[in-house]
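Below: the structure, in structure tokens.
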Amino acid sequence: MSEREFLEFITSVKDKMYRLSLRLLISKDAAQDATQEVILKLWKIKTKLKEYQSPEAFAMTMTKNYSYDQLKAKRNNQVRLVHTNYENNQQSSLQCQIEAKDELRQVQKIISNLNEQEQTLIQLRDVEQYSYDEMEKITGLKPTAMRVCLSRARKKIRTAMLKQHEYGVRK
């Protein structure tokens, strides 16, 4: 892979790498550092990247693994997904914006209570919108197992949200 090809490849994938590491590491600085470290590692093996069936999936796997290594190094037992890129400019009233942000915080809190695998799959599928084939390359899980795990995670999120919305409402 030439230098120009590598730059084109990195330009297409660096934002996804950053978002994934940001979800896992929470800190923007740590996510930027992780992304830069992975890009440096990819640069060192740039000649071998074409050998991979999906270099993007390989880069995402490296990002995920590096982020997990950073979390383990810091002894941080809680991996949280934080979706800070949420914006909805169509909401006009301040009240609607406040409610939407509150709802997002509730979902983030619920997601943070999921296990690590469920959090990763929710991030890859529902936030990054990867296909099951790409997710299989990143996680090493079979598509059937991913679908089951995602279904269970979504059900947990849905149940917890319904429970919060029904709190104090008598039937």
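The values are calculated or read from the model by the stated rules, or taken from the named source; none is laboratory data. Everything quoted here is computed from the prediction, not taken from an experiment. So basically every Cβ, Gly included, is an ideal-geometry build from the backbone, and we count neighbours across all protein chains shown. For accessibility, only protein heavy atoms count, side chains too; no ligands or nucleic acids. Shrake-Rupley method; radii C 1.70, N 1.55, O 1.52, S 1.80 Å.
One table, with the values for the structure above:
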{"item": "Segment residue 106-residue 161, extension gain: residue separation times 0.36 nm, minus the distance between their alpha carbons", "result": "19.0 nm"}
{"item": "Protein accessible area in segment 92-171, 1.4 Å probe - carbon and sulfur %", "result": "51 percent"}
{"item": "In Å, descending, principal axis extents of the Cα set of segment 1-80", "result": "39, 19, 18"}
{"item": "For the chain, built as a Gaussian network whose Cα springs stay under 10 Å, the top-fluctuating residue of 130, 66, 52", "result": "52"}
{"item": "Cα gyration tensor shape of segment 92-171, rounded if a/c is under 1.5, else prolate or oblate by comparing a/b with b/c", "result": "prolate"}
{"item": "At R0 = 22 Å, FRET efficiency that the Cβ-Cβ distance of residue 131 and residue 65 yields, to 0.05", "result": "0.60"}
{"item": "Accessible area of residue 159 in the full protein assembly, 1.4 Å probe (Å², nearest 10)", "result": "80 Å²"}
{"item": "Separation of the residue 154 and residue 54 label points, Cα + 7 Å toward Cβ, nm", "result": "1.8 nm"}
{"item": "Residue 36-residue 116 FRET efficiency (beta carbon distance; Förster radius 22 Å; 0.05 resolution)", "result": "0.40"}
{"item": "Choice from 98, 122, 45 with maximal GNM fluctuation in the chain (Cα, 10 Å cutoff)", "result": "98"}
{"item": "Estimated translational D of the chain in µm²/s (Stokes, Kirkwood radius over Cα pairs; 10 °C; 1.306 mPa s)", "result": "90 µm²/s"}
